[in-house]
Each structure stands twice: as structure tokens, then as C-alpha cells.
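A short worksheet on the structure shown next.
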Amino acid sequence: MLALGIYEKALPKETSWLTKLKMAKSLGFQFVELSIDETDERLARLEWSPDQIANVRQAISETGVGIYSICLSGHRRYPLGSADKAQREKALVIMQQAIDLASQLGVRTIQLAGYDVYYETKTVASREYFVENLRKSVEMAAKKQVMLAIEIMDDPFMNSITKFNRIKAEIPSPWLQVYPDIGNLSAWPMNDVSYELTQGIAAMTSVHLKDTIDVSTDFPGKFKNVPFGEGNVDFFGSLKALKRLNYCGTFLIEMWSETSEQPIEEIKKAREFLIPIFEEAGYETRSINHC
């Protein structure tokens with residue numbers, strides 16, 4: 001049966017975790033992906049008290065809806081590949097805190113943004129620092145049995161599974177895997193999506209689903225807030241390829257409707273768009289079609 005989740009940033013923002021998970025369940029999702037982005041508000045989650053962690057665990061227990069993964073995009077602000085030593089040290093502190101939090105929450109996977117740097121100029125050194133500190137991060141994660149999975153990005157540094165595999169070859173650990181974003185992967189014209197998915201199947205922890213508008217010579221691409229069906233992503237072809245590869249892992253709908261006027265309606269519309277495509281591609285969805 002299909003295991004389908006929803007990104008936290010799709011759900012109404014000013015709600016408790018119990019409310020969020022109940023909402024996700026009512027919409028037919030099995031899990032939610034927690035966000036720790038670059039804002040002070042969400043970075044503060046890295047310092048949740050034992051009581052705050054217990055409240056989240058209680059919400060998971062009460063609803064039966066899991067938090068399987070953390071989207072750790074805070075490294076955009078504090079990159080592992082920064083030219084600034086203090087920034088790199090902060091990035092490793094964030095990494096250890098996220099691993100500790102994942103361990104305490106029972107989260108299986110931390111999704112890392114595949115940027116060496118985001119706001120700085122990319123250099124040969126930024127890649128070297130990134131690999132050096134990613135190796136340290138993987139060692140931290142191994143000690144807590146938490147998986148690190150690099151997302152395929154909206155950025156040339158890590159915009160294909162082929163590029164991930166180069167990093168994986170340098171850090172051949174079972175605790176470092178890949179988290180493809182079908183929208184990001186599809187938006188880069190040099191990518192053969194079916195080939196890329198085939199190259200990554202042995203290392204996939206989960207798959208993000210969102211629509212995007214392609215990068216071209218005169219357009220930088222649009223990677224966020226593209227309504228499903230209005231972009232260029234071939235969802236059927238991508239899901240058909242994953243089915244051929246016997247991908248049985250989780251899928252996550254990635255949306256940013258948390259401050260929208262009608263976030264629930266937007267989520268329902270996204271599900272209604274995707275579920276028939278899953279079925280056409282050969283995935284069994286009956287157990288989640290109850291909303």
C-alpha cells in the first residue's frame with residue numbers, strides 16, 4: 001500500500017502538533033515531515049525541552065500519525081561549506097542538535113539540503129569544506145542510528161542523483177542516502193529523470209512530490225509554489241519509473257500553504273491530482289482514499 005505524507009509547511013502554521021497530526025490523518029496521510037528551516041523560530045526547535053519533545057511524542061501516539069523525517073534546511077543560513085570557520089562550526093552544532101532531536105522523537109531520517117553554500121560564492125574550497133563536514137555529520141548520525149539523506153536541489157551543486165553519487169563515493173556510509181525531489185530533478189534540462197531514478201534506487205529513503213517549471217537559457221526555473229498540474233513535471237512517467245524499480249518507500253507531498261487562506265482545500269486539491277496518477281502508475285492507494 002502507498003505510504004503518503006505531507007510537509008508540515010502545507011498545514012496551518014499556528015496550530016499545535018496534536019492538531020497538525022489530526023488534520024493530516026483526516027486528510028488521509030500517514031506521516032508529516034517536520035521543518036527546521038533557517039528562521040529563528042524553527043531553529044529554536046533544536047533546543048526543545050524534554051516536555052516539548054514529550055508533547056510531540058504524545059501527539060504521535062494519540063493520532064497514530066508519524067513524524068518520519070525532518071527537513072533540515074537551516075544549513076542554508078549556516079552552510080557546511082562556508083568560507084567562514086565560525087559558520088561551519090555552527091553548521092556542525094546544528095547537525096548534532098538535529099540528530100539528537102531526531103533520536104529523541106523517533107525520527108528515522110534527516111533530509112539535508114544539497115547546498116555547499118547558498119548565500120556565498122561557490123568555490124572549489126566550498127565543496128571541500130562541504131564534503132569534510134558532511135563526513136563528520138555522517139559519523140555523528142551513525143552513532144544515533146539516524147539516516148542522513150541529501151535532497152536533490154534547485155541548485156546546480158546537487159541537482160541530480162548522479163552528482164549525489166559522486167559525494168556518496170567519497171563517503172561510502174550506509175547512514176548517507178539520497179532523498180529525490182521529483183520536481184527539482186525534473187526542472188533541470190540536462191537530467192534524464194528515468195535514468196537518474198535508476199541510478200539512485202538503491203539509496204532512496206523517500207521521495208518529494210511537487211510541480212516545478214523548467215530551467216531554460218532565459219529562465220531560472222520556478223521551484224516552489226507551482227500548483228500541481230501547472231508545471232512541467234511528468235508525474236506519471238516518474239512514478240512509472242519508480243514502480244518499475246520496485247520503489248516501495250514513502251512519498252511526501254511538498255507544499256507551502258501554511259499561511260494560505262484555505263490550506264486544507266489546497267492540500268485536498270493536490271491529493272486529488274496525484275492519487276489517480278499513482279493508480280495509473282500501478283501503486284495501490286485504496287487505504288488512503290478516505291478523505
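Only the coordinates and a few stated rules stand behind these numbers; no lab work does. None of these values were measured; they are calculated from a predicted model. Counting neighbours? That spans all protein chains shown, and the Cβs are built from the backbone with ideal geometry, glycine included.
Calculated FRET efficiency, THR162 to GLU265, Cβ-Cβ distance, R0 = 51 Å: about 0.85 to the nearest 0.05. When MET255, MET190 are sorted by how many other C-beta atoms sit within 10 angstrom of their C-beta, beginning with the fewest, the order is MET190, MET255. In 5 Å bins starting at zero, report the fraction of Cα pairs in segment 146-287 per bin as a rounded %. The distribution over segment 146-287 is 2, 10, 19, 22, 20, 15, 9, 3, 1, 0, given as percents.
Just subtract the alpha-carbon distance of SER216 and ASN246 from 0.36 nm times their residue separation and send over the number in nm, one decimal. If you can, show how the numbers build up before the last one.
Working: separation 30, 0.36 × 30 = 10.80 nm, distance 3.20 nm.
Between SER216 and ASN246, full extension yields 7.6 nm more.
On the beta carbon distance between GLU272 and GLU89, with R0 = 45 Å, the FRET formula returns roughly 0.45.
For a quick check of your reading of the filter: which GluC sites (Glu not before Pro) in segment 1-80 sit in a DSSP loop and have no more than 10 other Cβ atoms within 10 Å?
Working: sites: GLU8, GLU14, GLU33, GLU38, GLU41, GLU47, GLU62; in loops: GLU14, GLU38.
Counting only loop positions with at most 10 other Cβ atoms within 10 Å, the GluC sites (Glu not before Pro) in segment 1-80 are GLU14.
Computed from phi, the 3J(HN,Hα) profile of segment 247-252 under the Karplus parametrisation 6.51, -1.76, 1.60 (θ = phi - 60°) reads 6, 10, x, 7, 10, 10 Hz, with x in place of Gly and Pro.
A helix-only calculation puts the chain at -13000 deg cm²/dmol for mean residue ellipticity at 222 nm, using -39500 (n - 2.57) for each DSSP H run of at least four residues, averaged over all residues.
Taking every Cα-Cα distance in the chain and sorting them into 5 Å bins starting at zero, the pair-distance distribution P(r) comes out as 1, 6, 12, 17, 19, 18, 14, 9, 3, 1, 0 percent. Amide H contacts under 5 Å for ALA3: PHE251, restricted to partners 5 or more places along the chain or on a different chain, H placed in the peptide plane at 1.01 Å from N.
Rounded to the nearest 20 Debye, what is the dipole magnitude of segment 4-288 about its Cα centre when Lys and Arg each give +1 and Asp and Glu each give -1 at the C-beta? Could you put the intermediate results ahead of the total?
Details: 33 positive and 39 negative charges, 159 e Å.
Charge dipole of segment 4-288: 760 debye, to the nearest 20.
Report relative contact order for segment 4-288 in percent, whole number only (criteria: Cα-Cα under 8 Å, sequence separation at least 6). Kindly include the intermediate steps, with their values, before the conclusion.
Details: 528 pairs, mean separation 49.7, N = 285.
For segment 4-288, the relative contact order is 17 percent.
Under the combined filter of DSSP loop state and at most 16 neighbouring Cβ atoms within 10 Å, segment 222-291 retains these chymotrypsin sites (Phe, Trp or Tyr not before Pro): TRP256.
On the beta carbon distance between ARG286 and SER16, with R0 = 25 Å, the FRET formula returns roughly 0.25.
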